[in-house]
Structure formats: C-alpha cells, structure tokens
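**Student:** Have a look at the structure that comes next, please.
Every number here is computed from the coordinates shown, using simple stated rules; none is lab data. Note that the coordinates shown come from a computational prediction; the quantities given were computed from them, not determined experimentally. Every residue, glycine as well, gets a Cβ built from its backbone with ideal geometry; the counts of neighbours run over all protein chains shown.
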Amino acid sequence: MSSTETRSMLDLLNGFVIQLREAGLPVSLTENLDAMDAVQHIPIEDREAFKYALGATLIKNQAHWRSFETVFEVYFSLRGPEYKLANADGESSELDDLWREMQDASQEGDGSGGAGSLDALTPEEIAHLLMQALMQGDQALMKALARQAVQRFAGMEPGRPVGGTYYLYRTLRNLDLDGMLAKMVDAANQGQESDSGRLEQRLEREEFEHRITEFKAEVEAEIRRRLVADRGAEAMAKTLRKPLPEDVEFMHASREEMVSLRKALQPLTRKLAARLARKRKHGRKGPLDFRNTVRHSLSYGGVPAEPKFKYPRPAKPELMVVADISGSVAAFARFTLMLVYAISNQFSKVRSFVFIDGIDEVTDYFKATEDITEAIHRVNTEADVVWVDGHSDYGHAFEVFWERYGKDISPKTTVLLLGDARNNYHASQSWVIKEMRMKARHVYWLNPEPKSYWNTGDSIVGEYGNFTDGVYECRNLRQLEGFVEKLA
Amino acid sequence: MVSELVNRFESVQQVRDGLRDINYLADDGIAGVAYLADRLGKPVLVEGPAGTGKTQLAKSVAEFTGARLIRLQCYEGMDESKALFEWNYKKQLLRIQADKASDSWTDIHDDIFSDEFLLTRPLLEAITADDPVVLLIDEVDRVEVETEALLLEILSEYQVSIPELGTIEAKQIPLVFLTSNNTRELSEALKRRCLFLHVDYPSMEREREIVLAKVPGVTESLAEQIARVVRSIRSLDLKKAPSVSETLDWARTLLLLNIETIDETVAKETLHILLKYQTDIAKAAKDLSVDE
C-alpha cells in the first residue's frame, strides 16, 4: 500500500472504531492497531473476509457480534469502492447509482446485473418470480428481487424522516410472504405426491421459512443501504444502534429483545454457577490440618515442608423468593426466577412465592419438572394470585405471606422481594418486612425500576426498604447477575 | 522478539482448500482468521459451544501444515510446573550427592540449573522446538484467572523467562490456538493478545458437507435430511443442543441400520444419539410428531 492509501485507510478505521465505541463496544488501543495490521492482508473489496478480519481483531465477545455487524454494515455499506486501487475512476461510484435509481425509479435502470430487466415486470410476475427463487433457493435472484422490491414498494423519498422499519413494513406488506409460504408448501406437496412422510413435509416447510427469513434480511439490508446513501452513515448509525442483550431493560424490552434476553440468560447462568462453585471451593483457608500435614511430611523425610489446611465448607444459604408478577414487572420476576432456579444447587433450599394481590407458593411447579421454561409458564397460568381485583396489593400479599409461611423463616433464610412497590395506594403493612428481618438472615429488595422513579407516584419502595438489608436496582441482566453473585 | 516471520499460507482460499483436503470444512470466518493468525503472528482464541470442532481445527491446521501438534490440556489448579517447566529435583539431588567432596558450591550451582536438569512442559517445548509446531492450549477457561497470567508472556512475546536460566526465546513463531467453552469470562489481558474466533453450530449446508465428508457411504439425500432434522432440533429450546460430533454419530448409526430415508418413527427411535438429556428427548419427540 502506498502511504496515501494507508492514511485514508487509517482514517477510515479510526472512524469505524469511534462508531464502535459509541455503540458501547469496548475497543482497546492495541486492538485498534491489530485491526490496522490485519487490513493490510485482507483487501477491503472482499467484504465478508474484511468483516471477519475486523471482527477477529476488534470484538472479543460473541454477545457483541450483532452490534458489531450492524455498525459494520452501516459504516461500510457505501464505503469501499472509493478505496479501491487504480480502477476506481473507471466506474461510476455505487453512491451515484443509488441516487439515480432513487430519483428516476420509473425509468429503466442502468442495466447493472439483472435488476434492469426486472423493472418491466408486473407485480404479479414479480411475486411469481420470487416464489420460484425461494423454492429453488436461488440466491442471486433473491438478491436482485429484494432490491427490486424495495425500489418498487418501499416508496422511499430522499430526506424523509422515517425509520427503516416503516419501509420494511411497506415492502413486506406488498409481497405477502405468509401467503407465499402457504402456496410454496402446497406446490411442494403436489410435486412429490403422497409418498413423502409428514416429517419430510415439515422439514420442507422449515427450509422455506428459513429462505424467507434470508430474503427479509436481504430486504432490510437494501433499505439500510439506501437510508445510508440518503442520510449519511453517522446519522444512521445512531438510529440503528441496538443495546447489548445484558443492557436491555426488563421493563421496556420488545418481544424480539425478550427472545435475545432469554438466549443470553442460559450461558450467563452457566458461567455464574461455575464461578460460584469455584468461589466456594477457593479463597478460604481454615486452621492447620495436623494429621494431613504429618502424613504428607513423610515424603520429605519427616520435614513438614507442605502444610495442609482444613477447608471450611460454609453452609449454603436457604432462599425464599417473593415476586410480584403483575403486568409490567412480570418479565423481571420471570427472569429472576429462571436465574435463581438455574443455579439452585448453590442454595440448600429454594422456595418461591408469587403475588399480585393474593399470594401463592409455586415451589412445586419447579420441582415437578426439570424444564424451567415450562415451570414459569405454569406459574403464569395456574398460580392463584388474584384476591380482589388483580391490581398489585403488596400489603395484603405480605400479610398473608406472614400468616401462612412466616413460621418457616429461619436464621439461615435469605428473603428476596421482587417488585416495583407500586402499591396502588393500599396499606403498606411494612411491619411484616420488619418482623421478617428479625427472623431471617437477610432480606433484600430488588426493584426493576430506575432509581430516579423510586418513591414517585404510588411507589413506596422507600418505606419497605427501610426495613430491609438493602434495595437494589435491577434493570437489566448485568445488574441481576451482579446481585445474585453477591448473594450465593 | 523473534526476527522473521515465515508465512505458511498464501491466501485465505488456500487455507480453506487445504483444510478441505483433510476433511475439515472451514467457513469464511475460520479460514480467514487462521490466515490472519499466520500473517500477524498472533494466537487465536477459539470460542463456542462444545462439540463444534474447536479442537479439531487446531489438529487439522497442524496436519495441513505438516507441523507437530503440542497440546496443553488446561484444568483447575494447573500451575507453571505443569504448563511451562519444572526442575528435575531427583536428578539434581543425585548430582549433589554423587560428588559431595570434590566440586565447589558455584560449580554445582551452575551445573544443576542447566538444560540437563530442566523438564520441558508443553509451552516451553513449543517455543524451543526446531521443527514446525502448532500449539493447542485446550479449554483455557478451566484455569483460574491468576493462572492465565502464565500464558501472557508466551502469547505476546513468544518467550519464557526462567529465573535461574534467563529468558528463552522462540526459534520460530508457532501457530497457537486457545480453545474456550466460555464457562467464565477470560481476562482482558488474554483476550487483547489474541484474535477472536467464534465457532458456532454450522449452517445447514455446511453440516451436510461435513456429514458427506466424514461419513463414507452416506448418500446425498440422507445427508441432506440429517442436516435438516438436526437444524430443526437445534431450533428448539433445549438443555444441550446436538453437537456436530453427535450429528456424525447419528449419521453413522443410520447407515449401520441401513436406513435410507428418515421418517418420524426412525427419528424418534434414534433421538437418544443426538440428545443426552431425558427432558430434551421428550421435548424433541413431542415436537417432531405434532406438526402445525
């Protein structure tokens, strides 16, 4: 590389790293230098290899890969050709192509690839073509059709301040992919007659679904490319940025984020369990184990060169989880219960109770099955938690809890109270918490609301909090993990 | 530092083709990172679920480059006497007792801390080797965070410091692969020194290729079916999703049973090869039988 090219590449990379850091991804200086080294060996024209090279040097945590990919796609979607070696001046840049396409969408394209010939087709023909492409898994045609569909249906206008999802919705609505899936399945079944089993049909269907997902991703990428052309990469990066799974707030997670949260939970519990087991085993040295020391001294001719110690095994704590499962805090309770049960072998006993305005013990649901997801499902559908109107009443729930289960609290028990303490202006009955604390080892309160909302409106977390050993803000997985680690 | 870097690979494509020849099917990421590791002289940290071919990658690269594989299996409580080097105490003791009268103290001192009394462990062996080697540090997440520090010097400088002998530098930069099952977060210092590669379950197409390559005698259509069923099972919410090695076991079993097409009954009867937990098996069986 000549020095000017190296320079421009350096600027390009620096800009990229700044974007990554803004998206919350940690990139150290040495990693930045490594990336600079790496791109000397991988040409930017090979987009996939280039992405992996940057990923391998800059991203050291798989959970960050999706964020990295989004930033990469946005940042580099229109960069590249300008950094091509000598032949760049021979072709018009991709940016110009795009502008032309966007401005005179009705006119014939410039004939690049197969896109030009697609312009003449009717929507029905497009749909037919797409179905064929999907059924045969023709990648090139799917790509061309994705471009065509966006150009035709999304109705994108330069400078219009609308998000990508709006255009995505418009494009997909016109294509009716669900209907297409049904047609594809029918067509496939007719072709093969009845000898193919049900399993075969099902697999075929899954294959089609998979291809449709791919096609959607293609459409999304195309929309993003056009948005970047319109607004510039820096502006777009801000709107497309997604928080890391461990930073997603429980109370405001979208359905898609919930899925990714659930996925992130499993490796997290595995890590947590390993860490806790290790913590119990190490780091605590007890008094000298005389017998063991003498026995080992024999191999040193009677010299006690290797002193041995007793390792105390601290008793595992007993846990009682009391969770509010009404409306907005339900997701938080669910995740906490899942986390607690996933590491339940770190506790000598776990009992769980859920409430809205009535309270019910759900420990048996978790005992009956190994499958935590199923147990949670049963908690949500079967537990008897409504007393009067199904609006949170912490006071009544605590009172009943004390009456029925209070005697089971022992000095070994740690009580976890989960909820936002929004009591709908009912009586607080905070004396229960006070009594609890006298009997239990610890009482903690976890609140999924941001600290600034505490004690506003009908939230009385402060009143309860006075009687606990601590109130903790638990808005995301990261905070929850931190708390549980401290607990066990 | 070591003076020259000898490049083993010409291009990403060459890495991929070479690995394919010895039946390791690399995807874009894997081949690219292996190539970069060679060019930049940096270790590769390979992370991913169990049974996705992380260890196999190191073995295959060794086979492909004709290098010797040196493997360090990590475990809890591993220390430098197992990973780096150890003095041969017994021999040293014998040496001292053999001629108690004659030598002066300095002679003995210089003598017993020499190469002759040094036991090399995998890390030291890898950097002192004359022939080309690939160093595999397996399951690095099993050692404690403090022990990770043992690896830092060798990973960044390719040298080992022995207090009594001084610093031993590598004669050549070996290709280094570290694998991790991600049971704990590795330290920043370690990660920073490595290229990062995440190996996930293969795409359906790649898995089909793997089955075809690794299980001789399997037909194209059966391999396709196997890959599809496995993908379908992996999409369920399981305790332990089937790994690639389990897919291969399944393929071999089906072959032994002379099964040419998989239907529901066959799939259900052989599920226990793919899945290891009773709850997972029940879940998958239920899912396979109830469509729609």
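**Student:** With both partners inside chain B, how many of the DSSP beta bridges are antiparallel, as a percent to the nearest 5?
**Tutor:** In chain B, DSSP labels about 30 percent of beta bridges as antiparallel.
**Student:** Taking H placed 1.01 Å from N in the peptide plane, check which residues at least 5 places from residue A:352 or on another chain put their amide H under 5 Å from its amide H.
**Tutor:** Here the answer is A:321, A:362, A:363, since their amide H atoms fall under 5 Å of that of residue A:352.
**Student:** Can you give the average number of partner chain beta-carbon atoms within 10 Å of each beta-carbon in peptide A:199-211, as a whole number?
**Tutor:** Details: counts 15, 6, 1, 9, 8, 1, 3, 6, 5, 0, 0, 6, 0.
Partner Cβ neighbours, averaged per residue: 5.
**Student:** Now for a different question. Run the helix sum for chain B: -39,500 (n - 2.57) per DSSP H stretch of 4+ residues, divided by residue count, reported at 222 nm to the nearest 500 deg cm²/dmol.
**Tutor:** Rounded to the nearest 500, it is -14500 deg cm²/dmol.
**Student:** Of the options A:446, B:232, B:66, report the single residue whose Cα projects farthest towards the positive end of the charge dipole of the protein assembly as shown (beta-carbon charges: Lys, Arg +1; Asp, Glu -1).
**Tutor:** A:446
**Student:** Just rank A:9, A:184, fewest to most, by other beta-carbon atoms within 10 angstrom.
**Tutor:** The fewest-first ordering by Cβ neighbours comes to A:9, A:184.
**Student:** Over the range B:1-139, how many percent of alpha carbon pairs lie in each 5 Å bin up to the one with the longest distance?
**Tutor:** Calculated P(r), rounded to whole percents: 2, 8, 15, 17, 15, 11, 9, 7, 6, 5, 3, 2, 1, 0.
**Student:** Further question: Where Rh denotes the Kirkwood radius from the mean inverse Cα pair distance, what is Rg over Rh for the range B:139-292?
**Tutor:** Numbers: Rg = 21.7 Å, Rh = 18.8 Å.
A ratio of 1.16.
**Student:** Taking the alpha carbon gyration tensor of the range A:281-404, what are the square roots of 5 times its eigenvalues, largest first, to the nearest whole Å? Please list the in-between numbers first.
**Tutor:** Numbers: eigenvalues 474, 43, 23 Å².
Square roots of five times the eigenvalues give 49, 15, 11 Å.
**Student:** Could I ask something else about it? Charges on Cβ only, +1 for Lys and Arg, -1 for Asp and Glu, centred on the Cα centroid of the range B:80-144; of B:127, B:140, B:104, which one is farthest towards the dipole's positive end?
**Tutor:** The listed residue farthest towards the positive side: B:104.
**Student:** Would you check the range B:204-289 for Lys pairs whose C-alpha atoms are within less than 16 Å, ignoring same-chain pairs closer than 8 in sequence, and give me the count?
**Tutor:** 9
**Student:** List B:176, A:185 from most exposed to least, where exposure is judged by having the fewest other Cβ atoms within 10 Å.
**Tutor:** Final ranking by Cβ density, sparse to dense: A:185, B:176.
**Student:** Counting DSSP beta bridges in the protein assembly as shown, what percent are antiparallel, to the nearest 5?
**Tutor:** 25 percent
**Student:** A follow-up question, please. Rounded, prolate or oblate: which fits the protein assembly as shown when a ≥ b ≥ c are the square roots of the eigenvalues of the alpha-carbon gyration tensor, with rounded for a/c under 1.5 and prolate only if a/b beats b/c?
**Tutor:** Oblate.
**Student:** Please give the charge dipole size of the protein assembly as shown, origin at the Cα centre, charges +1 on K and R Cβ atoms and -1 on D and E Cβ atoms. Round to the nearest 20 debye.
**Tutor:** Dipole magnitude for the protein assembly as shown comes out near 3300 debye.
**Student:** Something else: Given +1 on the Cβ of Lys and Arg, -1 on the Cβ of Asp and Glu, and no further charges, what dipole in debye does chain B carry about its Cα centre, rounded to the nearest 20?
**Tutor:** Values: 34 positive and 52 negative charges, 114 e Å.
Computed charge dipole of chain B: roughly 540 debye.
**Student:** Cα gyration tensor of chain B, axes a ≥ b ≥ c as square roots of the eigenvalues: rounded (a/c below 1.5), prolate (a/b > b/c) or oblate?
**Tutor:** prolate
**Student:** Give the distance, in whole Å, between the Cα centre of the range B:248-290 and the Cα centre of the range B:182-240.
**Tutor:** Measuring centre to centre over Cα atoms gives 18 Å.
**Student:** Consider all pairwise Cα distances in the range A:429-488 and report the whole-number % of them above 20 Å.
**Tutor:** When every Cα pair of the range A:429-488 is considered, 31 percent fall beyond 20 Å.
**Student:** Sort B:158-169, B:265-276 by packing, meaning the average of other beta carbons within 10 Å per residue, with the highest value first.
**Tutor:** By packing density, highest mean first, the sequence is B:265-276, B:158-169.
**Student:** Taking amide H atoms as placed 1.01 Å from N in the peptide plane, list the residues 5 or more away in sequence, or in a different chain, whose amide H sits under 5 Å from that of residue A:443.
**Tutor:** A:415, A:469
**Student:** Which residue, chosen from A:366, A:467, A:427, occupies the Cα position most advanced towards the positive end of the dipole of the range A:315-487, where the dipole is computed from +1 (Lys, Arg) and -1 (Asp, Glu) charges on Cβ about the Cα centre?
**Tutor:** Sorting the options by dipole projection puts first A:467.
**Student:** Let me ask something additional. Quick one, what does Rg over Rh come out to for the range A:358-407 if you take C-alpha atoms and the Kirkwood Rh? Don't skip to the end; give the middle numbers.
**Tutor:** On the way: Rg = 12.3 Å, Rh = 11.9 Å.
Computed over Cα atoms, the ratio is 1.03.
**Student:** Nearest 20 debye, what's the magnitude of the dipole of the range A:344-454 about its Cα centre given +1 on Lys and Arg Cβ and -1 on Asp and Glu Cβ?
**Tutor:** 760 debye
**Student:** To the nearest whole number, what is the average tally of beta carbon atoms from other chains within 10 Å of the beta carbons of peptide B:186-199?
**Tutor:** 4
**Student:** If we count other beta carbons within 10 Å of each Cβ, what is the order of A:430, B:81, fewest first?
**Tutor:** B:81, A:430
**Student:** If you don't mind, there's one more thing I want to ask. Just to check, using Stokes-Einstein with a Kirkwood Rh over alpha carbon pairs, what's the diffusion coefficient of the range A:355-454 at 25 °C and 0.890 mPa s in µm²/s? Intermediate values should be presented prior to the final figure.
**Tutor:** Working: Rh = 14.8 Å.
Using the Kirkwood radius from Cα pairs, D works out to 166 µm²/s.
**Student:** DSSP loop (so not H, G, I, E, B), at most 16 other Cβ within 10 Å: list which GluC sites (Glu not before Pro) in the range B:25-90 pass both filters.
**Tutor:** B:76
**Student:** Which of the three applies to the range A:315-487, rounded, prolate or oblate, going by the alpha-carbon gyration tensor with a ≥ b ≥ c and a/c under 1.5 meaning rounded? Could the numbers behind the result be given before it?
**Tutor:** Details: a/c = 1.25, a/b = 1.17, b/c = 1.07.
Since a/c stays below 1.5, the shape of the range A:315-487 is classed as rounded.
**Student:** Residues with amide H under 5 Å of residue B:175's amide H, sequence separation 5 or more or different chain, H placed in the peptide plane at 1.01 Å from N; which?
**Tutor:** It is B:133, B:135, by chain and number.
**Student:** Let me ask another. When Cβ neighbours within 10 Å are restricted to other protein chains, what is their mean count per residue of peptide B:179-185?
**Tutor:** Details: counts 0, 0, 3, 6, 7, 6, 4.
Per residue, the average neighbour count from other chains is 4.
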